[in-house]
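The values are calculated or read from the model by the stated rules, or taken from the named source; none is laboratory data. Because the structure is predicted, anything quoted here is derived from the model rather than measured. Cβ placement follows ideal geometry from the backbone for every residue including glycine, while neighbour counts extend to all protein chains displayed. For the accessible areas, the whole protein counts, side chains as well, though only heavy atoms, and no ligand, DNA or RNA atoms are used. Shrake-Rupley method; radii C 1.70, N 1.55, O 1.52, S 1.80 Å.
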Amino acid sequence: MSEVSIIGIDLAKNIFQLNGAASDGMVVFQRKLSRKKIMNYVKEQLPCIIAMEAFATAHYWGREFALLGHRVRLIPLHYVKPYVKRQKNDAEAIAEAASRPTMRFVEVKDSGTTSPWGCLSYLRLTCSSKNSAY
């Protein structure tokens, strides 16, 4: 069995899709794991690159995976979309996009930067602009 060099993770509410790829791009494994089981599974893996689409919860998971010794790469959504095949496995597309040498990544934000108050102020702005009279 080949050694995994990149794990692409498609984050969702309850079930996460994982796609492990070797350094030559061959798929080593594809798994669906629940939120409760993902940390134990990632702990068992040798340190490698873990790639995810960059959005709010990806920063939390990125910090958790980095603590386990993995290198985390967050990719903006619009950079992943060209690699999706037949609208199916986003985890495979994420792993493939992360393997590209010219791909641009987003830094994982620390917990102080991603505060829940930021979301609240954004909601206030959007709700107040929709409800205000023109």
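The set of residues from the stretch 33-43 being loosely packed, with under 13 Cβ neighbours inside 10 Å and in a strand (DSSP E or B) comprises just one member, 34.
Cβ-Cβ distances below 8 Å connect the following pairs, each with a first residue in the stretch 78-103 that is in a loop (DSSP other than H, G, I, E, B), a second residue that is among the aliphatic types (A, V, I, L, M) and open to solvent by less than 30 Å² (accessible area, probe 1.4 Å), and a separation of six or more residues or different chains: 84/93; 85/93; 99/6; 99/21; 103/75; 103/97. Within the stretch 1-32, being open to solvent by 20 Å² or more (accessible area, probe 1.4 Å), in a strand (DSSP E or B) and among the aliphatic types (A, V, I, L, M) holds for 15, 27, 28. Selection within the stretch 69-101: residues that are farther than 20 Å from residue 37 by Cβ and open to solvent by less than 10 Å² (accessible area, probe 1.4 Å). The member of this set that is nearest to the chain's Cα centre (by Cα) is 74.
Only one of the numbered conditions (1) within 15 Å of residue 93 (Cα to Cα); (2) open to solvent by 20 Å² or more (accessible area, probe 1.4 Å) is not met by residue 52, and that is (2).
The set of residues in the stretch 44-57 being in a loop (DSSP other than H, G, I, E, B) and either within 12 Å of residue 98 (Cβ to Cβ) or touching a Pro at 6+ places or on another chain (Cβ under 6 Å) (or both) consists of 48, 54. From the list 36, 43, 88, the lone residue that is modelled with pLDDT of 90 or more, under 16 Å from residue 12 (Cα atoms) and of a type outside the set (Ser, Thr, Tyr) is 36. Being at pLDDT 75 or above, touching a Cys at 6+ places or on another chain (Cβ under 8 Å) and open to solvent by 40 Å² or more (accessible area, probe 1.4 Å) is a description that does not apply to residue 66.
Residues that are closer than 21 Å to residue 110 by Cβ, touching a strand residue (DSSP E or B) at 6+ places or on another chain (Cβ under 9 Å) and small (Gly, Ala, Ser) do not occur anywhere in the stretch 20-38.
Taking the conditions (1) under 19 Å from residue 5 (Cα atoms); (2) crowded, with 19+ Cβ neighbours inside 10 Å; (3) at pLDDT 90 or above; (4) of a type outside the set (A, V, I, L, M, F, W, C) in turn, residue 59 satisfies each one other than (1).
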